[in-house]
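The values are calculated or read from the model by the stated rules, or taken from the named source; none is laboratory data. What you see is a predicted model; the values in this text were computed from it and never measured. No Cβ is skipped: glycine too gets one built from the backbone with ideal geometry, and neighbour counts run over all protein chains shown.
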Amino acid sequence: MLALALVLLAAPTQDTTVAVQRGQRLEISAQTGEIVVHTWGRSAVRVQATGGNLGRLSIDQSAAAVSIRGFSARGGPARVHFDLTVPAWMSLRLSGVNTTMRVTGAEAAVTVETVSGDVEVTGGNELVSLRSVEGAVTLAGAKGKLDVGSVNSDVTVHDVSGDLQAETVNGAVFLEKVQSDNVEANTVNGDVVYEGTIRPNGRYRFVTHNGDVTVAVPEATSALVSVSTFQGDFESAFPVTLTERHGKRFDFTLGSGSARVDLESFGGTIRLVRPGALPARAPGSSGEHKDMDDQE
Amino acid sequence: MISDPWTTRLSDYLDGELSDAERRALERHLGACPACTAALTGLLQVVERARALPDRPPAAELWSGVAARIAEAPSPAERRAVRARRWAFSLPQLAAAALAVAFASGGGAWLLARYTTAPAAPVPAAPAPALAAPAVLPAGLAGARYDAAVADLERVLAEDRGRLDSTTVRVIEQNLAVIDRAIADARRALAADPGNPYLSTYLAHTMRRKIDLLRQAATIAASRS
C-alpha cells in the first residue's frame, strides 16, 4: 500500500475524515494541548483539530498506521486540541508532552505516554499501557495485559480484567472491581487500595513505603497471605491465624491457600477488609498519602 | 552447579535490567525462595558494607589499570550510552565482592577458610571464585557501581535538563528525593535488622525504582532533543 499524506494548511480549526483499513493503527503526537479519542462503527478516522497557532495538519497513511501531527504556522509543534473519532477496532498510540489524553470506547490496544497531562482511558484490549509523569492516570473497562503508571500523581483502575501492573511514586494506587489472577501495585509515598478477585493460584502483590495497604478480601478466599512491615501495623476485619511469624513479618492462610498475596508497607498500616467496606473516597481524590518531609 | 536460574539474574534485577515480566516473576520467586532471598540479602549486605568503607587507594601494581579506568571520565558518547549501562554482578563476582569486603573489613582470613571449605548456601558452588578475589573487585566497588550508575544517569539528566520544562524537572527531583528517603529508611532498617529478607528485597526494589525513574527522566529528556 502506498503511503499517503494529506496536508491541510493554515486554518485554526480543521475537520477532515480519512478512510482506514482494518489492521492500521492510529499514531498521534501533540506536544501541547489535548487529545480526545472517541470510537464509531465506520472504517474511517475523523480528525477535528483546533488550535490558535495551528498552521498545518499532517495525516500520513501507511499499511500499518495512520499518523497525525499538528504543526504551528512557523513549523514547530502547535498547541492543538485534537478530537478524533476512530474505528473501535483500531489500536491507538498517543504521545505528548504537555498533553492531556482522553480515550473512550477503544476495543483494541492502547498506548498513551505524556509528561505533564492527565490520562483517562475507558476501554482497551489486549495490551493497554498508560504513562504520565506528572498527571493522574485512570483506566476503566479494559481487558488484557494492563500496565498503568504515573510518577507524581494517583493511578486509578476500575472495572478491568487481565494481568494488571500499576505503579506511581508520589501518589496513591486505587484498584477497584478488578478481575485478575495477576496483580501488582506499588507506590512509595501513597496508599494502595485493592478490591477485586483473589483467584485460586493467582498472584497479588501490593507494596508501599509510606502509606497504607488496604485489600478487600472476598469470603471464601483461598490464599497464602504474607504481611511485611517494619514500622507499620496490621489490622484485619476478620480473624486470621498466623502460621509463621518473624517480628513484623508473618504469614497466614485463608482456605486452602492456593493464591499468593504479598502485602508490604514499610511504615503504614496493612489492612484487610471485606468487600464493600473500603474507606469512602471521593472520585478523583488524591490519596491520603502523607508528606514524607513531615515524617522526619 | 547452579540449579536455580534466578540466582544469575539478581544483579540484573538490581540494575533494573529485567523486563517488567521478568522483574515481576523474580519478585514473586523471591517471596517463595529463601535461597535467592538470602543471595539478594548477601548482595545488598556487600553493597552496604562496601558503601560504609573508606575509599582506599588500590595496590598500584594490581589496580593501576582498573583504577585508571574507574577514574577515567566518560566521553560524551559514553555518557549518552549510560542508559544501557549495567552494574551487573555474576555470582562469582558477588562471592568475590563478599570476600573483598570481608578482607577489607578484617575478616578475610576467617572467611577465606570458610569459603574454601564450605561455601555458604547463598553462594552457589559454580565456578569457584578465584581466591585472588580481592584482586578481582576492589573493596568499595560494589557500592560504588550502583552509585556510579546513579551518578551517570544524574549527570545525563543534568546535562539535558534544559530540554525539560522546569516544572517537570522539579517534579522529577522531588520524586527522586521521595525515593531517596525511602532508600535511606530501608538502609537504616536493614542495618538494624540485617537478616530481615523483607528489608533486603524492599531495599533492592526501591533502589531499582530510583534507577528506573532516572532512566525514564533521561529518556524523556533525550527525546526532546
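Details
- When A:G232 is tested against the conditions (1) more than 20 Å from B:I183 (Cα to Cα); (2) more than 11 Å from chain B (Cβ to nearest Cβ); (3) in contact with a Ser or Thr (Cβ under 8 Å, 6 or more places away or on another chain); (4) modelled with pLDDT of 90 or more, the lone failure is (1).
- Out of A:V227, A:V148, sole residue that is buried (at least 18 other Cβ atoms within 10 Å of the Cβ) and farther than 27 Å from A:R102 by Cα: A:V227
- Filter pass, A:R79 being modelled with pLDDT under 95 and surrounded by fewer than 22 Cβ atoms within 10 Å (Cβ to Cβ): yes
- Counted residues, region A:186-220 - those being within 15 Å of A:V273 (Cα to Cα), of a type outside the set (D, E, K, R) and modelled with pLDDT under 95: 2
- Residues in region A:134-144 include none that are hydroxyl-bearing (S, T, Y), within 14 Å of another protein chain (Cβ to nearest Cβ) and either surrounded by 20 or more Cβ atoms within 10 Å (Cβ to Cβ) or in a strand (DSSP E or B) (or both).
- Qualifying residue in region B:169-184 (condition: loosely packed, with under 14 Cβ neighbours inside 10 Å and more than 12 Å from chain A (Cβ to nearest Cβ)): no
- Tally of residues being under 28 Å from the mean Cα position of the chain (by Cα) and not in a strand (DSSP E or B) across region A:224-257: 1
- For A:D147, the criteria (1) part of a loop (DSSP other than H, G, I, E, B); (2) within 9 Å of chain B (Cβ to nearest Cβ); (3) not aliphatic (A, V, I, L, M) hold in every case but one, which is (1).
- A:D212 meets each of the listed conditions (1) within 14 Å of chain B (Cβ to nearest Cβ); (2) surrounded by 24 or more Cβ atoms within 10 Å (Cβ to Cβ); (3) in contact with a Lys or Arg (Cβ under 9 Å, 6 or more places away or on another chain) apart from (1).
- When restricted to residues that are closer than 16 Å to A:D15 by Cβ and at pLDDT 95 or above, region A:49-65 contains 0.
- Within region A:123-133, the set of residues being on the phi < 0 side of the Ramachandran plot and either within 14 Å of another protein chain (Cβ to nearest Cβ) or buried (at least 23 other Cβ atoms within 10 Å of the Cβ) (or both) comprises A:L127, A:V128, A:S129, A:L130, A:R131, A:S132, A:V133.
- Failed criterion for A:V86 (all others in (1) surrounded by fewer than 24 Cβ atoms within 10 Å (Cβ to Cβ); (2) β-branched (V, I, T); (3) more than 28 Å from B:D165 (Cβ to Cβ) hold): (1)
- Note on region A:181-194: among residues that are under 17 Å from A:V213 (Cβ atoms), away from chain B (no Cβ under 12 Å) and out of contact with any His (no Cβ under 9 Å at 6 or more places or on another chain), the one that is surrounded by the most Cβ atoms within 10 Å (Cβ to Cβ) is A:V192.
- Qualifying residue in region A:255-266 (condition: out of contact with any helix residue (DSSP H, G or I) (no Cβ under 8 Å at 6 or more places or on another chain), under 20 Å from B:D193 (Cα atoms) and modelled with pLDDT of 95 or more): yes
- Selection status of A:G171, among the small types (G, A, S) and closer than 19 Å to A:A142 by Cβ: no
- Pick from region B:210-225, criterion under 19 Å from A:N189 (Cα atoms) and either of a type in the set (S, T, N, Q) or within 7 Å of chain A (Cβ to nearest Cβ) (or both), ranking: surrounded by the fewest Cβ atoms within 10 Å (Cβ to Cβ): B:Q216
- Selection within region A:40-55 - farther than 11 Å from A:I28 by Cβ and surrounded by 18 or more Cβ atoms within 10 Å (Cβ to Cβ): A:T50, A:G51, A:L54, A:G55
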